[in-house]
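Each remark here refers to the structure printed beneath this line.
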Amino acid sequence: MTRFTSADLEAARDRLVPDVVAEGLRVLFCGINPGLMTAATGHHFARPGNRFWPVLHLSGFTPRLLKPSEQGELLSYGLGITNVVARASARADELSAEEYRQGGQLLSLKVARLRPRWLAVVGVTAYRAAFDDRRAQVGPQERTIGDTRVWVLPNPSGLNAHWTAQTMAEEFGRLRAAAEA
């Protein structure tokens, strides 16, 4: 694994992480914003403690455990990744309410253009802030963006100890079943 200095990670704050997207995906996963490791590598959910990739595999979305550097393979499974906010930060709590609101508006435009079957926002707090829906809970939402349905998933960050990899995989699996129906 590549080792990054604190200076490398600090410089990553200004880097944009490209989306992994295509039109008509089954599921477009949407993270909160890139962490510094993600920005430094250009690979989504790159921090070693993040459980996104293991949970994606455990839930049956991918036939094997992918590494962040293999994120392009998601497209072959009808999956993609984007973020609510493009700016990298060490922690999501560094983002302002305005960044979330603007991010939600830009995300809605992106979803309307790409038309995935499902938008899956990973992080209920981010979803609530981006879409001004204070009562949202994990699971399918009433909101749609065009024909795209919305599902809120638990945040796979290692800081989210309330959800285990197994309970997250069960929730991701519920979305997978809905996306395949």
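The values are calculated or read from the model by the stated rules, or taken from the named source; none is laboratory data. Just so we're clear, the structure is a prediction, and the values are computed from it rather than from any experiment. Using ideal geometry, Cβ is built from the backbone for each residue, glycine included, and neighbour counts are taken over all protein chains shown. Note: areas computed on protein heavy atoms with side chains; ligands, DNA, RNA excluded. Shrake-Rupley method; radii C 1.70, N 1.55, O 1.52, S 1.80 Å.
Some notes on this structure:
- Residues listed by number, segment 68-112, amide nitrogen under 19 Å from THR125 label point at 7 Å toward C-beta: 83-104
- Span-like helix criteria (full DSSP H runs; alpha carbon extent of at least 20 Å along the helix axis; mean Kyte-Doolittle hydropathy of at least -1.0) are satisfied in the chain by 97-114, 165-180.
- In this rough spin-label picture, where each label sits 7 Å from Cα along the Cβ direction, the GLN105-GLU73 distance is 3.9 nm.
- Shown are ILE32, ILE81, whose ranking by accessible area with a 1.4 Å probe and every protein chain present, most to least, is ILE32, ILE81.
- Overall, the accessible surface of the chain at a probe of 1.4 angstrom is composed of carbon and sulfur to the extent of 51 percent.
- Modelled this way, with points 7 Å down the Cα-to-C-beta line, the labels at THR144 and ALA97 are 3.1 nm from one another.
- Within segment 118-181, antiparallel bridges make up roughly 45 percent of the DSSP beta bridges whose residues both belong there.
- Measuring r between the beta carbons of ALA90 and ARG64 and using R0 = 35 Å, the FRET efficiency lands at 0.70.
- Per-residue [θ]222 nm for the chain (sum of -39500 (n - 2.57) over DSSP H runs n ≥ 4, rounded to 500): -10000 deg cm²/dmol
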